[in-house]
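This report concerns only the one structure given below.
Just so you know, all these numbers are worked out from the coordinates, no wet-lab data involved. Keep in mind the model is a prediction, meaning the values are calculated, not measured. Using ideal geometry, Cβ is built from the backbone for each residue, glycine included, and neighbour counts are taken over all protein chains shown.
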Amino acid sequence: MQPLEQIRAIAERVAAARGLEIWDIQSRRESGGHVVRVFIDRPGPSASPDDSVSIEDCEQVNREIGTILDVEDPLPFAYTLEVSSPGLDRPLRGLDDYRRFSGRLAKVVVSEAVDNQKAFEGRLSGVEGDSVLLQGPRGRIHRLPMRLIARGRLEVEF
């Protein structure tokens, strides 16, 4: 098993025990040394900010993963472990995310023009087939084929 796969397996066990899931894992060399980032999330359809990952969740998962990694030592070099959530302005990665966050404000960029534009901002209105529905600022519903979406991100609302 590759080191990152081993870290993912450990992180998934720890997160699952706390009712969480692994959203992503990154391993990067940065100016201060090597950093392994584990992003945790709450599973399920809830898009409520009240159901977001807490600082305490991150601290506990970091402590538990760190303890196991200290014993198993999968990486042959020194690194810093960071655990966080994907954030309030999280990237959207697939139809399930667009469905899950229906009702939330988002920015979406497509690779080919749809309705004579490539960048959209509005409220996610769900998914229909293989397309994301986004309600623009004047109430117009844009149907954005998933295959054309280059990137999407939630917008922070207060």
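Region 128-158 and region 3-25 have Cα centres spaced 30 Å apart.
Can you compute the helix-only [θ] at 222 nm over the chain? Use -39500 (n - 2.57) per DSSP H run of at least 4 residues, normalise by all residues, nearest 500 deg cm²/dmol.
My calculation for the chain gives -8000 deg cm²/dmol from helical runs alone.
Spin-label model, Glu155/Arg28: points 7 Å from Cα along the beta carbon direction are separated by 2.5 nm.
Applied to region 98-103, the Karplus parametrisation 6.51 cos²θ - 1.76 cosθ + 1.60 on θ = phi - 60° returns per-residue 3J(HN,Hα) values of 5, 5, 4, 9, 4, x Hz, with x for Gly and Pro. Electrostatic tally near Gln117: other residues with Cβ closer than 14 Å to its Cβ, Lys and Arg +1, Asp and Glu -1, net +2. Distances between placed amide hydrogens fall under 5 Å for Ser125 paired with Gly103, Leu133, Leu134, Gln135, all partners being 5 or more residues away or on another chain.
Of the DSSP beta bridges with both residues in the chain, give the percent that are antiparallel, rounding to the nearest 5.
Working: 31 of 36 bridges.
If we restrict to bridges inside the chain, about 85 percent are antiparallel.
Annotation for region 1-100: chymotrypsin sites (Phe, Trp or Tyr not before Pro) lying in DSSP loop with at most 13 further Cβ atoms inside 10 Å of their Cβ are Phe77.
Between Thr80 and Arg63, the simple spin-label model (points 7 angstrom out along Cα→Cβ) gives 2.1 nm.
Each peptide among 135-141, 120-126 gets the average number of other Cβ atoms lying within 10 Å of its residues, and from highest to lowest they stand as 120-126, 135-141. Charge tally around Pro145: other residues with Cβ under 14 Å, Lys/Arg +1 each, Asp/Glu -1 each, net -1. Computed from Cα atoms, the angle from the helix 55-72 axis to the main principal axis of the chain rounds to 40 degrees.
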